[in-house]
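The values are calculated or read from the model by the stated rules, or taken from the named source; none is laboratory data. Fair warning: this is a prediction, and the values are worked out from it, not measured in the lab. As a convention, Cβ positions derive from the backbone with ideal geometry for all residues, glycine included, and neighbour counts pool all protein chains shown.
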Amino acid sequence: MNKKQRDEISKFLSYVLRHEPHAIGIQLDSNGWANIDELIQGAQKDSRILDRESIQEVVDTNEKKRFSISDDGQRIRAAQGHSTTAVSLQHVEKEPPEFLYHGTATRFMDSINEKGLIPGSRHHVHLSQDEQTAIEVGKRYGKPVVLKIEALQMHQQGFKFFQADNGVWLADHIPINFIQENN
Ligand code: HQG
């Protein structure tokens, strides 16, 4: 497969494994796992031809390690980013580094300055350890802004942080007093 084909499958997998499993008639368990055979059959009804090899290739080459396959090879899940209420992943709680970054767009800043960072439709606020990832994320929504979060200080004050299997940091809410615009 070429990169375009892999990206297309990755987007499809993100859609069904994070947001809309019902779109292809499959169910996720509360840990986010889908049966791979059912997923292939569901995709087929949607005229999308998938096989185990192409799914494996997408999982192995995905630059953000978005998906994992279970040890027995029968199931697949997204590591983070869910909005579907069928899933509530038990992420590992962890002490964060001193700073974490969040990428957003300038047009959201008035609201962020009022409410802090909130999860939107997903289950958590998503944070990264590096600024470059945050810039890329922010660009999806408009003119990017990188916010620097005083993560360790928050943690020391009792706020919980989690890290997904693929390294993405997650939090429930970031109050405004821990957010700086990173210019
Ligand atoms: C914004 C990517 C107004 C927030 C990335 C963001 C990530 C507010 C949007 C993952 C706000 C939600 C998630 C407030 C936050 N007022 N807007 N108070 N608080 N926002 O897509 O973080 O490539 O749900 O800044 O790497 O953009 O998809 O979250 O712009 O890990 O695998 O509300 O997606 O991974 O948007 O992205 P999203 P996100 P993938």
Tyr101 - would you say it is within 13 Å of the ligand (Cβ to nearest atom) and surrounded by 15 or more Cβ atoms within 10 Å (Cβ to Cβ)? yes
Would you please name the residue that is nearest to Ala105 (Cα to Cα), looking only at residues in the stretch 118-145 that are assigned to a strand (DSSP E or B) and within 9 Å of the ligand (Cβ to nearest atom)? Val145
When you look at Asp110, is it in the same structural domain as Ile26 (by TED's automatic domain parsing), over 20 Å from the mean Cα position of the chain (by Cα) and either within 13 Å of the ligand (Cβ to nearest atom) or free of Cβ contacts under 8 Å to residues at least 24 places away in the same chain (or both), yes or no? no
Only one of these is among the charged types (D, E, K, R), surrounded by fewer than 12 Cβ atoms within 10 Å (Cβ to Cβ) and within 19 Å of Lys64 (Cβ to Cβ): Arg122, Arg140, Arg107. Name it. Arg140
Per-region count, the stretch 73-98, residues outside any strand (DSSP E or B), of a type in the set (Gly, Ala, Ser) and either more than 17 Å from the chain's Cα centre (by Cα) or near the ligand (Cβ under 9 Å from one of its atoms) (or both): 4
Please count how many residues of the stretch 146-183 are assigned to a helix (DSSP H, G or I), surrounded by 14 or more Cβ atoms within 10 Å (Cβ to Cβ) and not aromatic (Phe, Trp, Tyr). 5
Just checking, which of Lys45, Lys65 is within 14 Å of the ligand (Cβ to nearest atom) and touching a residue at least 12 places away in the same chain (Cβ under 8 Å)? Lys65
So which of Ala43, Ala34 ends up being touching a Pro at 6+ places or on another chain (Cβ under 9 Å) and either in the same structural domain as His19 (by TED's automatic domain parsing) or crowded, with 17+ Cβ neighbours inside 10 Å (or both)? Ala34
Please state which one of Val92, Val87 is touching a strand residue (DSSP E or B) at 6+ places or on another chain (Cβ under 6 Å) and touching a residue at least 12 places away in the same chain (Cβ under 8 Å). Val92
What's the total number of residues in the stretch 153-170 that are more than 13 Å from the ligand (Cβ to nearest atom) and under 17 Å from Glu131 (Cβ atoms)? 0
